[in-house]
Amino acid sequence: MPEKKTMPLIIDHTKHLSDLPNKPSLLQTMKEGFGLGIGSSLGHRLVDSILGQRPVPISNKLKEFEKCMKEYDNEKLCEKLNN
């Protein structure tokens, strides 16, 4: 009996999951936001651990209040600078 020849199976490799339309959901957006925030925080901590802590800026009003207190030692007089 002669052998029956069949067509080889052709698989279409052009369709990928990434080709499908992608509609981001609220949950997906939240996950990406958390990931970005955590990555940014870890990056800042890494840089701070290598280069040392960054100084925290103090407002000018607070500096003026502290200077007034050192100079006059009168809270009533310097109170207007602290507000």
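Rule-based calculations on the coordinates, nothing more; no lab input. Note that the coordinates shown come from a computational prediction; the quantities given were computed from them, not determined experimentally. Here Cβ is always computed from backbone atoms with ideal geometry, including for glycine, and neighbour counts include all displayed protein chains.
Just want the ordering: Glu3, Glu71, from fewest to most Cβ atoms lying within 10 Å of their own Cβ. All intermediate terms of the calculation are to be shown ahead of the outcome.
Details: Glu3 5, Glu71 10.
Ordered from fewest to most neighbouring Cβ atoms within 10 Å, Glu3, Glu71 come out as Glu3, Glu71.
What is the count of Lys pairs in the stretch 29-82 whose alpha carbons sit under 20 Å apart, if the two are 8 or more places apart or on different chains?
So the count works out to 8.
Starting from the Cα of Lys80, step 7 Å toward the Cβ, then list every residue of the stretch 41-61 with an amide N under 17 Å from that point.
Backbone N within reach: 61.
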